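Chemist: Right, I'll just put the structure down here and ask away after.
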Amino acid sequence: MKRVVEALEMVTEWIMALMLAVMVALVFGNVVLRYGFNSGIVAAEELARLMFVWLVFLGATLALRRHQHLGLDILQARLPARVRRACAVISHLLMIYALWLFIQGSWFQLLIGMETRSTVLSFPMAFYAAAGFFPAIAMALTIIANLWKILSGDATAHIPGNGDPHGVTAPQGGAIAEH
């Protein structure tokens with residue numbers, strides 16, 4: 001299972017890199033065409049916006065998997081272990097609830113978006129809602145898996161304030177380093 005998750009992460013990173021490269025090419029090319037040749041690519045803005053939305057949600061999913069979202073680890077590290085664990089369980093339950101609301105809202109927007117088309121390319125606006133729907137499901141599954149580890153006492157569970165059980169930490173400079 002770990003290999004499948006790592007492969008999915010790698011594919012997601014490559015998709016994100018490709019989307020970023022296409023976005024840069026579209027926006028830069030459009031600027032050059034507009035200012036240099038008084039023309040432009042009509043669909044460039046619409047495509048770049050769609051890719052940006054997907055890029056944000058895919059990046060958020062990867063950041064969650066790697067425990068790189070902002071948190072209060074410094075405060076939680078000062079708490080006793082049992083309180084730290086209880087805080088982790090409560091925060092996981094709150095995140096699952098928030099993601100459930102997000103998934104539910106994205107689903108409704110997805111259904112509405114199937115009937116609405118984009119202005120230039122005429123693709124279903126559901127593509128935007130899907131950018132939130134599918135990554136939110138992946139995030140919820142990630143949190144549920146970690147919650148299960150916490151509740152079952154698994155040593156690989158990520159509990160904020162305990163440090164990373166996988167040996168990866170962010171030093172003061174911000175870069176990730178292996179122990």
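Chemist: Looking for whichever is under 19 Å from residue 106 (Cβ atoms) and of a type outside the set (D, E, K, R) here; the options are 26, 18, 50, 8. Which one fits?
Modeler: Going through 26, 18, 50, 8 in turn, just one is under 19 Å from residue 106 (Cβ atoms) and of a type outside the set (D, E, K, R): 50.
Chemist: Follow-up. Using the structure shown, decide if residue 86 is without any contact (Cβ under 8 Å) to a residue 40 or more places away in the chain, aliphatic (A, V, I, L, M) and over 25 Å from residue 8 (Cα atoms).
Modeler: It is true that residue 86 is without any contact (Cβ under 8 Å) to a residue 40 or more places away in the chain, aliphatic (A, V, I, L, M) and over 25 Å from residue 8 (Cα atoms).
Chemist: Assess whether residue 125 counts as being more than 18 Å from residue 61 (Cα to Cα) and in contact with a strand residue (DSSP E or B) (Cβ under 6 Å, 6 or more places away or on another chain).
Modeler: So residue 125 fails the test.
Chemist: Follow-up question, since we're still on this one. Collect the residues in region 134-165 that are open to solvent by less than 30 Å² (accessible area, probe 1.4 Å), assigned to a loop (DSSP other than H, G, I, E, B) and over 26 Å from residue 56 (Cα atoms), keeping them in residue-number order.
Modeler: Scanning region 134-165 gives a single hit, 161.
The values are calculated or read from the model by the stated rules, or taken from the named source; none is laboratory data. Here the structure is a predicted model, which is why all the values come from computation and not from measurement. All Cβ positions, even for glycine, are placed from backbone atoms using ideal geometry, and neighbour counts span all protein chains on display. The accessibility values were calculated without ligands, DNA or RNA, using every heavy atom of the protein model including side chains. Shrake-Rupley method; radii C 1.70, N 1.55, O 1.52, S 1.80 Å.
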